[in-house]
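The values are calculated or read from the model by the stated rules, or taken from the named source; none is laboratory data. Worth saying up front: this structure is predicted, and the values here are computed from it rather than measured. FYI the Cβ positions are ideal-geometry reconstructions off the backbone, even for glycines, and counts take in every protein chain you see. Only protein heavy atoms, including side chains, enter the accessible area calculation; ligands, DNA and RNA are left aside. Shrake-Rupley method; radii C 1.70, N 1.55, O 1.52, S 1.80 Å.
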Amino acid sequence: MPLISSSGLAVISTLVFISAVMHLRAEYFGPKRNVYLFKPLTMLLIILIAARAKNPVSEFYRDAIVAGLVCSLAGDIFLMLPRERFIAGLVSFLLAHLCYIAAFIFEGAHTFGLLYGIPFLIYGAVMLRVLLPGLGSMRAPVVVYTMAIILMAWSALSRWMQTGQEGSALAFTGALLFVISDSVLAVNRFRRRFSSAQLYIMSTYFMAQWLIALST
């Protein structure tokens with residue numbers, strides 16, 4: 001398969017947008033089978049952007065990002081099964097964040113700026129304080145996952161601050177949107193459900209993954 005040209009990137013990005021919209025439409029208006037079609041299709045298109053990137057930052061960075069996207073796809077599938085596999089999905093996304101952390105550390109963020117991490121650490125502590133009363137047996141897995149996604153966003157910001165590259169800015173913006181998406185998901189699942197949750201969760205999630213893929 002050839003590498004993606006600028007025009008090809010625009011076409012695939014447009015298909016990502018259309019597929020994401022079709023997924024959200026299916027979430028709210030059905031049919032349910034379209035959720036099973038368009039959710040993984042959106043991620044497969046995003047994976048294609050990263051896997052066939054022209055002039056990647058490095059082979060390691062590209063491969064680590066692709067691995068993270070594939071783990072995310074697995075997580076998506078676990079979470080949308082008729083009998084949801086939440087722990088399996090959580091583990092899949094945990095592995096995705098570890099892949100992203102490896103990419104950001106080895107391609108720029110050789111040190112973690114303490115000042116960059118303070119806002120994320122405070123945010124993580126506040127989120128856990130809000131969520132803990134409703135976690136029950138999920139307390140330990142959610143705490144570990146929260147630490148991982150905070151570290152992922154922290155490493156993305158450190159990399160951007162140290163390199164100043166456009167790709168680093170895209171990756172950090174994607175990481176930030178990922179934190180927002182997971183925060184809404186956690187509040188909706190463990191504190192209070194609200195009807196517009198899927199709109200916020202999936203729109204920020206797909207945008208996050210698309211930006212991270214573009215950062216290759």
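The table that follows gives values for the structure above.
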item: Qualifying helices (runs of 4 or more DSSP H) (wholly inside the stretch 114-216; at least 1 residues being open to solvent by 60 Å² or more (accessible area, probe 1.4 Å), over 30 Å from residue 29 (Cβ atoms) and of a type in the set (Asp, Glu)); result: 166-190
item: Residue 178 closer than 19 Å to residue 68 by Cβ and either touching a Ser or Thr at 6+ places or on another chain (Cβ under 7 Å) or without any contact (Cβ under 8 Å) to a residue 12 or more places away in the chain (or both); result: no
item: Which numbered condition residue 89 fails, given (1) out of contact with any Gly (no Cβ under 6 Å at 6 or more places or on another chain); (2) under 27 Å from residue 150 (Cα atoms); result: (1)
item: Flag if residue 177 is under 21 Å from residue 74 (Cα atoms) and of a type outside the set (Gly, Ala, Ser); result: yes
item: Residues (touching a residue at least 40 places away in the same chain (Cβ under 8 Å) and among the small types (Gly, Ala, Ser)) located in the stretch 13-45; result: 13, 20
item: Condition check for residue 101: out of contact with any Lys or Arg (no Cβ under 9 Å at 6 or more places or on another chain), in a helix (DSSP H, G or I), farther than 23 Å from residue 215 by Cβ and open to solvent by 10 Å² or more (accessible area, probe 1.4 Å); result: no
